[in-house]
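J.: Dumping the structure here so I can ask a few things about it.
The values are calculated or read from the model by the stated rules, or taken from the named source; none is laboratory data. If you're wondering where the values come from, they're calculated on a predicted model, not measured in any experiment. Quick reminder, even Gly has a Cβ in these numbers, built from the backbone with ideal geometry, and neighbours come from all protein chains shown.
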């Protein structure tokens, strides 16, 4: 098994509902966030705003950086499950 790329968090500024805030995430999560934004054809700020709106509705809202990490991992797992389900439906001749 390949060793994961362990790197310290990187702080970046994002804008949510017109307000700037800084978020510290490990580079792998910034990469995942960027890939999600590209796949959905949305700016990173829009994805972060969506995550922020969802986390605020939680009974015990986590911090924004934690919410982003959880959302990205959940999103990745959901997409992998969809891909494997779709592959199971393919009938090979």
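J.: For region 7-19, which residues satisfy the criterion of being loosely packed, with under 12 Cβ neighbours inside 10 Å, under 18 Å from the mean Cα position of the chain (by Cα) and either in a loop (DSSP other than H, G, I, E, B) or at pLDDT below 95 (or both)?
T.: Taking region 7-19 as the starting set, the residues that turn out to be loosely packed, with under 12 Cβ neighbours inside 10 Å are 7-8, 11, 13, 17-19.
From what's left, under 18 Å from the mean Cα position of the chain (by Cα): 7-8, 11, 13.
Those that are loosely packed, with under 12 Cβ neighbours inside 10 Å, under 18 Å from the mean Cα position of the chain (by Cα) and either in a loop (DSSP other than H, G, I, E, B) or at pLDDT below 95 (or both): 7, 8.
J.: Here's another thing I want to ask about it. Under 9 Å by Cβ, and 6 or more places apart or on different chains, what pairs join a residue from region 40-65 that is in contact (Cβ under 8 Å) with a residue 40 or more places away in the chain with one that is part of a helix (DSSP H, G or I) and surrounded by 13 or more Cβ atoms within 10 Å (Cβ to Cβ)?
T.: Close Cβ pairs (under 9 Å, with a partner that is part of a helix (DSSP H, G or I) and surrounded by 13 or more Cβ atoms within 10 Å (Cβ to Cβ)) amount to 64/48; 64/51; 64/52; 64/55; 65/29.
J.: A further question on this structure: Quick check on region 27-39: of everything there that is without any contact (Cβ under 8 Å) to a residue 40 or more places away in the chain and under 21 Å from residue 63 (Cα atoms), which residue is surrounded by the most Cβ atoms within 10 Å (Cβ to Cβ)?
T.: Taking region 27-39 and keeping what is without any contact (Cβ under 8 Å) to a residue 40 or more places away in the chain, we get 27-28, 30-31, 33-39.
Next, only the ones that are under 21 Å from residue 63 (Cα atoms) stay: 27-28, 30-31, 33-34, 36-37.
Details: 27: 13, 28: 14, 30: 17, 31: 13, 33: 23, 34: 12, 36: 18, 37: 16.
Looking at residues that are without any contact (Cβ under 8 Å) to a residue 40 or more places away in the chain and under 21 Å from residue 63 (Cα atoms), I get 33.
J.: Sticking with this one: With 51, 23 as the choices, which residue is within 18 Å of residue 79 (Cα to Cα) and either in contact with a helix residue (DSSP H, G or I) (Cβ under 9 Å, 6 or more places away or on another chain) or in a helix (DSSP H, G or I) (or both)? Quick ask: steps written out before the conclusion?
T.: Numbers: 23 fails: within 18 Å of residue 79 (Cα to Cα).
Unique residue meeting the criteria: 51.
J.: Now for a separate question. On the basis of being in a strand (DSSP E or B) and either buried (at least 16 other Cβ atoms within 10 Å of the Cβ) or at pLDDT 95 or above (or both), does residue 66 make the cut? Give the derivation first.
T.: Numbers: in a strand (DSSP E or B): no; either buried (at least 16 other Cβ atoms within 10 Å of the Cβ) or at pLDDT 95 or above (or both): yes.
Against the criterion (in a strand (DSSP E or B) and either buried (at least 16 other Cβ atoms within 10 Å of the Cβ) or at pLDDT 95 or above (or both)), residue 66 does not qualify.
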